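The values are calculated or read from the model by the stated rules, or taken from the named source; none is laboratory data. Model, not experiment: these values are computed from the prediction. In this analysis, Cβ positions are derived from the backbone assuming ideal geometry, glycine residues included, and neighbour counts consider all displayed protein chains.
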Amino acid sequence: MPSGDFSIAQLARTLRTTTAHVIFLLAQRPVDWSPPRFRRTQHTASRLEQWRTWYEQDHLSLQGIADREGTSLATVRLAFLKNGIRLRPSGSYPGRPRRR
């Protein structure tokens, strides 16, 4: 789908079809017209439980989660804080032997 200004007639011309066909296609496969920031927020919300599992059960670090998901450390940290997930001290996880 094009971004910015667009019309069904323009899309029909681009696809070399009728406007009725374009309307039918759009009804079958709706387009998310949300701004990119909102789509990223939706993605973060949909991944939060997986991130929590990696963090709490697999003892993955915040940076490890960010690297695995291709996002920023700040995104992961903020998602956890906003959703009440308690952050452990940096460089530690439950059950890890302490250095002396």
Self-check item: Where a residue in the stretch 49-63 is closer than 13 Å to L87 by Cβ and its partner, wherever it lies, is β-branched (V, I, T) and part of a helix (DSSP H, G or I), with Cβ under 7 Å and at least six apart
Solution: W51/I65; W51/V76; Y55/I65; L62/V76
Quiz item: Which condition does T14 not pass, out of (1) assigned to a helix (DSSP H, G or I); (2) modelled with pLDDT of 85 or more; (3) surrounded by 12 or more Cβ atoms within 10 Å (Cβ to Cβ), if it passes all the others?
Solution: (3)
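Kindly establish whether G64 is modelled with pLDDT of 80 or more and either part of a loop (DSSP other than H, G, I, E, B) or surrounded by 12 or more Cβ atoms within 10 Å (Cβ to Cβ) (or both).
Values: modelled with pLDDT of 80 or more: yes; either part of a loop (DSSP other than H, G, I, E, B) or surrounded by 12 or more Cβ atoms within 10 Å (Cβ to Cβ) (or both): yes.
When the stated conditions are applied, G64 passes them.
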Quiz prompt | The one condition in (1) modelled with pLDDT under 90; (2) more than 16 Å from L48 (Cβ to Cβ) that S72 fails to fulfil | solution = (2)
